[in-house]
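The values are calculated or read from the model by the stated rules, or taken from the named source; none is laboratory data. Keep in mind that what you see is a predicted model, and the values were worked out from it rather than measured. For neighbour counting, all protein chains shown are included, and Cβ atoms are generated from backbone atoms with ideal geometry for every residue, glycine included. To get the accessible areas, we keep the full protein, side chains included, count just its heavy atoms, and leave off ligands, DNA and RNA. Shrake-Rupley method; radii C 1.70, N 1.55, O 1.52, S 1.80 Å.
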Amino acid sequence: MQYRDYGKTGKKVSMLGFGAMRFSEVDNHDKCVEMIVHAARGGINYFDTAPGYFETRSETVCGKGFAELRRQGLPYYVSTKTFQSNESEIRREIEASLKRLDVPAIDFYHIWCVTSLENWKERKNQGIIKTFQKLKEEKLINHICVSTHLIQNNIAELFTESVFEGVLFGYSAYNFKTREKAFDVVQQKNLGAVVMNPLGGGLIPGNPELCRFLLKSGEECNKENAVKVALQFLWDHKPLSVALVGFANKEEIDLALSAAETHTPRTEAELATAKANASKSFEGICTGCSYCDDCPQEIPIPKFMDAYNRKILEQDEQNIYNQLKWHWNLSSEVAGTCSQCGSCESVCTQHLNIIERLEYIAKNAPK
Ligand code: SF4
Ligand code: SF4
């Protein structure tokens, strides 16, 4: 396992992190603890959870796992998050997290899921920065971090806030274009950088063909190899500290560990070529770059196109509507408000027939 600097904190973190949001049997605590120990024995020392995962059960099983790691003398860092913004709510939440996690302090405490720059402004107005600084002075947290799904210039602007020591954001071979700017700030400010959703939310293992361009000659194009090369592509980004993988079982841990063990870094030039090939491979698929995101009808086009991706890649129309409802919290009716002005299609980097796709979504929505 390679250990990388987490920004300027002095902490060395495993480049593969354990995301505690996909346990297949979260109520089987023994099995979850076994997974955590198995990962730590494989060299993973970065564990990420959140109060909301599995309705608080993730933090509880992580707490049991950490107790076992302490017993066995295995090192670990704890990352968790809060959605709250005002001091009393944050304090209530962190007290509960510390209790569930059974630790005296959180190593990496995240301001969770900043949804827009306006949302960030509101949270700042509620005193979130001061509260986090107090928690740090009181040694309840060690490092102040932020997580977000923002993209392009917005993510760069958020990350320039001087209070952050580390950042967490979605990044993968499938949507790297949307958040490349984040790495510019990470480098300038020497931040810890953890990426989540490295396999495109199941898109890559479900569609190994998409990652054929990353395979070495002679390597078979299958789910396992697609996962390996997609993770290795991320580790080729030198400013990245940790790629976080949500594990459902020990087999998935072993696969990701073997990707880490067999990683041979690309040069900058080779990485640039891999990125160019990624753009070709994902042709016809919305990459979420958001250049189109200025609709006069205020339709969140990238979110609708992301949902439409599910139809193309998973060949299941219903998955469009599942993605809209469960991931984006959007009604398909919004797609029907398109006035067909065409401005989005004129700027789409993938040259997608956005109007036709929106029409399809509106017309075929389940009653
Ligand atoms: S074509 Fe439709 S979706 Fe595209 S910008 Fe115009 S109104 Fe919005
Ligand atoms: S529809 Fe096109 S421009 Fe819009 S996010 Fe997707 S790829 Fe980018």
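Within region 241-266, restricting attention to residues that are out of contact with any Phe, Trp or Tyr (no Cβ under 8 Å at 6 or more places or on another chain) and within 21 Å of VAL61 (Cα to Cα), which residue is most open to solvent (accessible area, probe 1.4 Å)?
GLU251
Scan the helices (runs of 4 or more DSSP H) fully inside region 267-351 and keep the ones with 3 or more residues being open to solvent by less than 20 Å² (accessible area, probe 1.4 Å) and within 10 Å of ligand 2 (Cβ to nearest atom).
Helices (runs of 4 or more DSSP H) meeting the threshold: 301-314.
One line per residue, one yes/no per condition, for (1) assigned by TED's automatic domain parsing to the domain that holds GLU89; (2) touching a residue at least 60 places away in the same chain (Cβ under 8 Å); (3) crowded, with 21+ Cβ neighbours inside 10 Å:
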residue	(1), (2), (3)
ILE128	yes, no, yes
PHE132	yes, no, yes
LYS139	yes, no, no
ASN142	yes, yes, no
VAL146	yes, no, yes
ASN154	yes, no, no
GLU161	yes, no, no
PHE164	yes, no, yes
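So for region 273-294 (the condition being hydrophobic (A, V, I, L, M, F, W, C) and within 12 Å of ligand 1 (Cβ to nearest atom)), does at least one residue qualify?
Checked region 273-294: at least one residue is hydrophobic (A, V, I, L, M, F, W, C) and within 12 Å of ligand 1 (Cβ to nearest atom).
I'd like to check which strands (runs of 3 or more DSSP E) are fully inside region 127-206 and have at least 3 residues that are closer than 30 Å to LYS223 by Cα.
By residue number, 166-170, 192-196.
Looking at PHE47, PHE54, can you tell me which residue is under 24 Å from ASP254 (Cβ atoms) and modelled with pLDDT under 95?
When all the criteria are applied, what remains is PHE54.
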